[in-house]
Each structure stands twice: as structure tokens, then as C-alpha cells.
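The values are calculated or read from the model by the stated rules, or taken from the named source; none is laboratory data. Keep in mind the model is a prediction, meaning the values are calculated, not measured. Here the Cβ positions follow ideal geometry from the backbone for every residue, glycine too, while neighbour counts run over all protein chains shown. The accessibility values were calculated without ligands, DNA or RNA, using every heavy atom of the protein model including side chains. Shrake-Rupley method; radii C 1.70, N 1.55, O 1.52, S 1.80 Å.
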Amino acid sequence: MTKVKEVNKKIRVILVTDGDRVAQHAVENIGASLGLRCISASAGNPTPISGKTIVELLKTVPFDPVLVMFDDKGHKEKAEGERALEYVANHPDIEVLGAVAVASNTTGIDGVQADACVDCQGHVIDVSVDKKGEVKKLKECGCKPVITGDTVDVLNDVEIPIIIGVGDIGKMDKHDDLSRGAPITRKAIEEILKRSGISYDG
């Protein structure tokens, strides 16, 4: 992985639609183990800073790709996390590699189609998963899996080349526990890197 950021080069980011304390620790540790950067200030439930501030922080990183967290704290409407995500994804200086779409129990939302999901056993599958990372329903012929979560609907409104769905980061009945290295979330991030043609540490 290139460790030097090129002048005038767009900053490559991976969006993560979860930002509570458990998710923050998981994403930070995964970033460190894979040789990626992480904007820790973007973590919070809900997202505590604006998209503009996140972009300003992204411009200070010495190298990319960078993991950025967003969280709507269960709101089905477009709240802080989704507004910040939309700003970052649409910014001309940012290149979005992909998004980790996190399932939740929030109702009254559309959800987003994912290119694949990682289930609680660490398998990359083409069916939907729920908050626990378990297969949600059988895939309908010709349809992509759909992830429903409080901070995922906005992914339908921005350009995201790769979307990988997972259950609740750092949880999933301990399958994604930090003591185990949050292997499900790590697998999702690795899948985005692999599909983007980017080498990484680990």
C-alpha cells in the first residue's frame, strides 16, 4: 500500500455506517491492523461533527485509504450521520471506494442494495443479513441483498462503487467481538479493498 499521499490526488475513503463506542474501537483496531487511517473524530452516536469538518480532517491524513464512521442513532429520517455522509461522498476531493452498510432494527426505512454481505460466520454471501449477522431471508432470483439500517438509506443517493452489508459492528452475539479482532467487519473492509484492487497490510 502506498504510504505517501500524492499532491492533488483525491482522498480514498471507505464509509462505515456505524459509529457507537463499540464500533469505533473495532474500526480503529481494524484500520491499524490493515495499515489504513481512521478518522476517530467521526465516531459518535450520533455523528458529532459535520461532513465539512470530516473533509477538513481527511485532508490532514498522511496517506489513504481512510475509514470514516457515520451514525444516525436509530433515526429513520436523514439525521446527522446521513447528512455528514452525503456531504463527504459528494465532495470533489473525495473518492469513495465503498461502504460497509450496517444492519439495525430501525423500521420505516427503504434499505440499500448491497453487492454482497458478510454473515456472522465470516462468509461472503449474496443474501441479506440482519443485525446479528444472520441470513435474513432467501434471496429472490436476480435481486441483490438488501441491508436495512438507520444510516444506510442515504447510500441510495450517492455514488458508492461497492457496498458490503454486515450485522452490528463489534457485536453479532460476540461473533464480531473486539477480542477476536472484529473479524466480520474486518472481512467486509478487506472485501472492499480487494474489489477496489488495493493491496493492504495483514
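Counting just the residues of segment 16-28 that are of a type in the set (A, V, I, L, M, F, W, C) and in contact with a strand residue (DSSP E or B) (Cβ under 6 Å, 6 or more places away or on another chain), which one comes out farthest from Ile192 (Cα to Cα)?
Among those that are of a type in the set (A, V, I, L, M, F, W, C) and in contact with a strand residue (DSSP E or B) (Cβ under 6 Å, 6 or more places away or on another chain), it is Val27.
Give the residue, chosen from Lys194, Lys174, Lys132, that is assigned to a loop (DSSP other than H, G, I, E, B), without any contact (Cβ under 8 Å) to a residue 12 or more places away in the chain and either within 17 Å of the chain's Cα centre (by Cα) or surrounded by fewer than 18 Cβ atoms within 10 Å (Cβ to Cβ) (or both).
Among Lys194, Lys174, Lys132, only Lys174 is assigned to a loop (DSSP other than H, G, I, E, B), without any contact (Cβ under 8 Å) to a residue 12 or more places away in the chain and either within 17 Å of the chain's Cα centre (by Cα) or surrounded by fewer than 18 Cβ atoms within 10 Å (Cβ to Cβ) (or both).
Would you confirm whether any residue within segment 143-163 is out of contact with any Ser or Thr (no Cβ under 8 Å at 6 or more places or on another chain), in a loop (DSSP other than H, G, I, E, B), more than 20 Å from Glu86 (Cα to Cα) and of a type outside the set (A, V, I, L, M, F, W, C)?
yes
Read through the list (1) touching a helix residue (DSSP H, G or I) at 6+ places or on another chain (Cβ under 9 Å); (2) modelled with pLDDT under 95; (3) open to solvent by 50 Å² or more (accessible area, probe 1.4 Å), then give the number of the only condition that Glu6 fails.
Result: Glu6 passes all but (1).
Just checking, does segment 29-38 include any residue being under 17 Å from the mean Cα position of the chain (by Cα), over 22 Å from Arg195 (Cα atoms) and at pLDDT 95 or above?
Within segment 29-38, none of the residues are under 17 Å from the mean Cα position of the chain (by Cα), over 22 Å from Arg195 (Cα atoms) and at pLDDT 95 or above.
Looking at (1) buried (at least 22 other Cβ atoms within 10 Å of the Cβ); (2) at pLDDT below 95, find the lone condition where Leu138 falls short.
(1)
Give Thr185, Thr148 a once-over and let me know the one that is hydroxyl-bearing (Ser, Thr, Tyr) and either within 11 Å of Val100 (Cβ to Cβ) or touching a Phe, Trp or Tyr at 6+ places or on another chain (Cβ under 7 Å) (or both).
Being hydroxyl-bearing (Ser, Thr, Tyr) and either within 11 Å of Val100 (Cβ to Cβ) or touching a Phe, Trp or Tyr at 6+ places or on another chain (Cβ under 7 Å) (or both) holds for just one of Thr185, Thr148, which is Thr185.
Would you tally the residues in segment 163-202 being at pLDDT 95 or above, of a type in the set (Asp, Glu) and touching a Gly at 6+ places or on another chain (Cβ under 6 Å)?
1
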